[in-house]
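These notes concern the structure reproduced below.
The values are calculated or read from the model by the stated rules, or taken from the named source; none is laboratory data. Predicted model, so just to flag it, every value in this text is computed and none were measured. Neighbour counts run over all protein chains shown; Cβ positions are idealised from the backbone, glycine included. When the accessible area is computed, the model is the full protein with side chains, heavy atoms only, and any ligands, DNA or RNA have been set aside. Shrake-Rupley method; radii C 1.70, N 1.55, O 1.52, S 1.80 Å.
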Amino acid sequence: MSQDSSGSDPDPDDGPGNVLFVVMDTVRKDHLTPYGYDRPTTPGLASFAEEATVFEEAVAPAPWTLPVHASMFTGTYPSRHGADQENPYLDGATTLAETLSAAGYDTACYSSNAWITPYTHLTDGFDDQDNFFEVMPGGFLSGPLARAWRTLNDNDSLRRVADKLVSLGNSAHELLAGGGSADSKTPAVIDSVQSFVESSDDWFVFANLMDAHLPYHPPEEFVEEFAPSVSSEDVCQNSKEYNSGARDIDDDEWAAISGLYDAEIAHIDDQLTRLFDWLKARGEWDDTTVIVCADHGELHGEHDLYGHEFCLYDPLVNVPLLVKHPSLGTGRRDDVVELIDLYHTVLDALGVEGGTPASPGEEAVALDPTRSLLSGPETYRAFDAVDDPDAGQRAGADHAYVEYSRPVVELKQLEEKASDAGLAIPEESRFYSRMRAARSTTAKYVRVDRTPDEAYRLDRDPGETENLVGPAPPGRANGGRRASDRGEAGAGAGTGNDGRAGAGASADGGVADPGAIEDEHVAAAEQALARFEAAAGGAWTDADTGEVSDESVSDMDSEMQDRLRDLGYLE
């Protein structure tokens, strides 16, 4: 029997002894049957929802994979754990898997996501792991190149070389990803879960399923149902081509893209149903807490954007979440919850206290009942009782908090697509911006460091179409127009960034004046965000700038230089 971190055996009568934690990567809530979608994409999840609690207002701490998973695996916000595109690895933190393994649980991680690898340290602590991502060779994200990447990104003077490496990765990804998709790997992920469970007693299994992430190449049987007569080779599969303004997409093509996306989600549902049925047949179902969520969603033309970058709109950060556990029962909840709470929920489900560092000097977050979804309403999000509150707890329980730092990889790809088409990306735009948001059930406030802030009344404007503190923000970088048609690079024509200043927002994206915000729900969100920012080290109100050069390549050791030379970046 497993033991908690104090060495005592957990009571087997307290609840299920196993946890299955599934992330449906890039899946929008409004494309799922349990959330009212009018296409039958997820009948299996609809059946599961009858046994689970369905959360309507779950919020991700970021709009993309790495920081979200790092938050779920550490119980901390992105600004605290520090894993993002400029620092693409989790350092100095004891993970959920490390804590559970130390407590005696068998732990496993199966994924086809390139960010969930030993290189990023997200898989630290798992007894068994496999990553089915095959775009890059197995050693690409380890060894000398990993050390080179760390050095390059930690040294501003070398970041231009890092950008060259990103460019290489972009090209290889586009070339190789077009020949197949993550779906072919999803059955292998499910098979691995089954094999691990068969050989384990008390277990924690994490699985990330990548079907719904670009590019969309779903199995033919699902194409026939959800995207008949659509060829995945004939639609835009590169979001940066659209976002840069280099390519247009009309309504018919958006419908085709959405159909392929639905087919991918249906394939996820098919494979999850296979796993759930297998657990039931083995008699494991009742002894297993099951968590199903998305790490983030996807935009298909909303706000004139494609993918999951450069914004914090609800299709990205208001994610699906379903949890099966006896303490929760069944039904639906419409209170604010955060994905970082899942760290504490897993610890709570397995009776593990946590808080013991796996290595000296690491931060290990202990179980906090105010963040466990299994706690009753008198305890959950009762943050006033917390002795050492985190930034979100200091900011207030009525809001969830989202952070998005400088998107290096996506930005580099966007610049390349724009350059290839003769376009220029304005620096004073959303594409170069850092963003933070506070979101309640009724309102959202977004602080942006380069452009005016954004705020929306979600209860009466769920599409986030009316910015209540400034002008409507621009979507695509160039409105499809080439630099020669727009005047000087970044002059603002066609970008919506023409030095405008809206009510309560400065032209350079400064902090809004709370006194200028008339809506009380929006004002409450802005005030909560200000408290979060203060607790997280200060607001992002100044543009993240800095000159970079590659003059210091000679500072790299010979092994790093040899690796870069092999890749064609040094002579």
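Quick grid of which residues meet (1) farther than 26 Å from LEU96 by Cα; (2) among the β-branched types (Val, Ile, Thr); (3) open to solvent by less than 20 Å² (accessible area, probe 1.4 Å); (4) free of Cβ contacts under 8 Å to residues at least 60 places away in the same chain:
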| site | (1), (2), (3), (4) |
| --- | --- |
| ARG371 | no, no, yes, no |
| ASP384 | no, no, no, yes |
| ASP388 | no, no, no, yes |
| ALA391 | no, no, yes, no |
| GLU403 | no, no, yes, no |
| ALA418 | yes, no, yes, no |
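Mind listing whichever residues of the range 24-45 are of a type in the set (Gly, Ala, Ser) and open to solvent by 20 Å² or more (accessible area, probe 1.4 Å)?
The initial filter retains those residues of the range 24-45 that are of a type in the set (Gly, Ala, Ser), namely 36, 44.
Across the range 24-45, the qualifying residue is only GLY36.
For the range 438-474, enumerate the residues that are in contact with a Leu (Cβ under 7 Å, 6 or more places away or on another chain), open to solvent by less than 10 Å² (accessible area, probe 1.4 Å) and closer than 12 Å to ASP519 by Cβ.
ALA443, LYS444, TYR445, ALA455, TYR456 - these are the residues of the range 438-474 that are in contact with a Leu (Cβ under 7 Å, 6 or more places away or on another chain), open to solvent by less than 10 Å² (accessible area, probe 1.4 Å) and closer than 12 Å to ASP519 by Cβ.
Does the range 59-71 contain any residue that is open to solvent by less than 10 Å² (accessible area, probe 1.4 Å), farther than 28 Å from THR330 by Cβ, in a helix (DSSP H, G or I) and out of contact with any strand residue (DSSP E or B) (no Cβ under 7 Å at 6 or more places or on another chain)?
Looking through the range 59-71, at least one residue is open to solvent by less than 10 Å² (accessible area, probe 1.4 Å), farther than 28 Å from THR330 by Cβ, in a helix (DSSP H, G or I) and out of contact with any strand residue (DSSP E or B) (no Cβ under 7 Å at 6 or more places or on another chain).
Cβ-Cβ below 9 Å, separation at least six or inter-chain, first residue in the range 430-453 and under 17 Å from HIS521 (Cα atoms) and of a type in the set (Asp, Glu), second at pLDDT 90 or above and open to solvent by 10 Å² or more (accessible area, probe 1.4 Å): which pairs?
ASP453/ASN467
For the range 184-211, which residues satisfy the criterion of being open to solvent by 10 Å² or more (accessible area, probe 1.4 Å) and part of a helix (DSSP H, G or I)? Step through it out loud before you land on a result.
Applying the first criterion (open to solvent by 10 Å² or more (accessible area, probe 1.4 Å)) to the range 184-211 yields 184-185, 187-188, 191-192, 194-196, 198-202, 210.
If the condition is that a residue be open to solvent by 10 Å² or more (accessible area, probe 1.4 Å) and part of a helix (DSSP H, G or I), then SER184, LYS185, PRO187, ALA188, ASP191, SER192, GLN194, SER195, PHE196, GLU198 are the ones that fit.
Would you check if there is a residue in the range 46-56 being over 25 Å from TRP278 (Cβ atoms) and open to solvent by less than 20 Å² (accessible area, probe 1.4 Å)?
The initial filter retains those residues of the range 46-56 that are over 25 Å from TRP278 (Cβ atoms), namely 55-56.
With the extra rule that they be open to solvent by less than 20 Å² (accessible area, probe 1.4 Å), the set shrinks to 55.
Yes, because at least one residue in the range 46-56 is over 25 Å from TRP278 (Cβ atoms) and open to solvent by less than 20 Å² (accessible area, probe 1.4 Å).
In this structure, is LYS280 open to solvent by 10 Å² or more (accessible area, probe 1.4 Å), modelled with pLDDT of 95 or more and not acidic (Asp, Glu)?
Working: open to solvent by 10 Å² or more (accessible area, probe 1.4 Å): yes; modelled with pLDDT of 95 or more: yes; not acidic (Asp, Glu): yes.
Spelling it out, LYS280 is indeed open to solvent by 10 Å² or more (accessible area, probe 1.4 Å), modelled with pLDDT of 95 or more and not acidic (Asp, Glu).
Give the residues of the range 92-114 that are open to solvent by 10 Å² or more (accessible area, probe 1.4 Å) and either at positive phi or modelled with pLDDT under 90 (or both), sorted by residue number.
Passing the criteria: GLY92, GLY104, ALA114.
Take the residues of the range 220-241 that are part of a loop (DSSP other than H, G, I, E, B) and out of contact with any Leu (no Cβ under 9 Å at 6 or more places or on another chain): which is most open to solvent (accessible area, probe 1.4 Å)?
Here is the first cut: in the range 220-241, the ones part of a loop (DSSP other than H, G, I, E, B) are 227-231, 235-238.
Now drop any that are not out of contact with any Leu (no Cβ under 9 Å at 6 or more places or on another chain), which leaves 228-229, 231, 236.
Numbers: PRO228: 76, SER229: 130, SER231: 46, CYS236: 3 Å².
Among residues in the range 220-241 that are part of a loop (DSSP other than H, G, I, E, B) and out of contact with any Leu (no Cβ under 9 Å at 6 or more places or on another chain), the one most open to solvent (accessible area, probe 1.4 Å) is SER229.
Out of (1) part of a loop (DSSP other than H, G, I, E, B); (2) open to solvent by less than 20 Å² (accessible area, probe 1.4 Å); (3) closer than 30 Å to TYR380 by Cα, what's the single condition that is false for ASP398?
(2)
Just wondering, is there one or more residues in the range 320-333 that are of a type in the set (A, V, I, L, M), out of contact with any Pro (no Cβ under 8 Å at 6 or more places or on another chain), in contact (Cβ under 8 Å) with a residue 60 or more places away in the chain and open to solvent by 10 Å² or more (accessible area, probe 1.4 Å)?
Initially, the range 320-333 is screened for residues of a type in the set (A, V, I, L, M), giving 321-323, 328.
With the extra rule that they be out of contact with any Pro (no Cβ under 8 Å at 6 or more places or on another chain), the set shrinks to 321, 323, 328.
Subsequent filtering for residues that are in contact (Cβ under 8 Å) with a residue 60 or more places away in the chain retains 321, 323, 328.
If we keep only those that are open to solvent by 10 Å² or more (accessible area, probe 1.4 Å) too, we end up with 328.
Checking the range 320-333: at least one residue is of a type in the set (A, V, I, L, M), out of contact with any Pro (no Cβ under 8 Å at 6 or more places or on another chain), in contact (Cβ under 8 Å) with a residue 60 or more places away in the chain and open to solvent by 10 Å² or more (accessible area, probe 1.4 Å).
With the structure loaded, tell me whether GLU428 is crowded, with 21+ Cβ neighbours inside 10 Å, in contact with a Lys or Arg (Cβ under 9 Å, 6 or more places away or on another chain), of a type outside the set (Lys, Arg) and outside any helix (DSSP H, G or I) or whether it fails that test. Walk me through it before giving the result.
Values: crowded, with 21+ Cβ neighbours inside 10 Å: no; in contact with a Lys or Arg (Cβ under 9 Å, 6 or more places away or on another chain): yes; of a type outside the set (Lys, Arg): yes; outside any helix (DSSP H, G or I): yes.
So GLU428 does not fit the description; no.
This table checks each residue for (1) part of a strand (DSSP E or B); (2) aliphatic (A, V, I, L, M); (3) at pLDDT 95 or above.
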residue: LEU312; (1), (2), (3): no, yes, yes
residue: LEU316; (1), (2), (3): no, yes, yes
residue: VAL319; (1), (2), (3): yes, yes, yes
residue: VAL323; (1), (2), (3): yes, yes, yes
residue: PRO326; (1), (2), (3): no, no, yes
residue: ARG332; (1), (2), (3): yes, no, yes
residue: HIS344; (1), (2), (3): no, no, yes
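Scanning for something open to solvent by less than 70 Å² (accessible area, probe 1.4 Å) and at pLDDT 70 or above, does the range 496-517 turn up at least one residue?
Within the range 496-517, one or more residues are open to solvent by less than 70 Å² (accessible area, probe 1.4 Å) and at pLDDT 70 or above.
Please pick out the residue among THR65, THR53 that is closer than 16 Å to CYS293 by Cβ, modelled with pLDDT of 95 or more and polar (S, T, N, Q). Full working, then the answer.
Numbers: THR65 fails: modelled with pLDDT of 95 or more.
Of the residues listed, the single one that is closer than 16 Å to CYS293 by Cβ, modelled with pLDDT of 95 or more and polar (S, T, N, Q) is THR53.
Please count how many residues of the range 72-82 are at pLDDT 95 or above and part of a loop (DSSP other than H, G, I, E, B).
3
For SER244, all conditions in the list (1) open to solvent by less than 20 Å² (accessible area, probe 1.4 Å); (2) modelled with pLDDT of 95 or more; (3) farther than 29 Å from GLN129 by Cα; (4) out of contact with any Gly (no Cβ under 9 Å at 6 or more places or on another chain) hold save one; what is the number of the exception?
SER244 satisfies every listed condition except (2).
Please work out which one of (1) within 20 Å of the chain's Cα centre (by Cα); (2) open to solvent by less than 20 Å² (accessible area, probe 1.4 Å); (3) under 18 Å from THR41 (Cβ atoms) is the condition LEU214 fails and give its number.
(2)
Collect the residues in the range 275-303 that are part of a helix (DSSP H, G or I) and in contact with a Leu (Cβ under 7 Å, 6 or more places away or on another chain), keeping them in residue-number order.
As a first pass, look at the range 275-303 and keep what is part of a helix (DSSP H, G or I): 275-281, 285-287, 302-303.
Within the range 275-303, TRP285 is the sole residue that qualifies.
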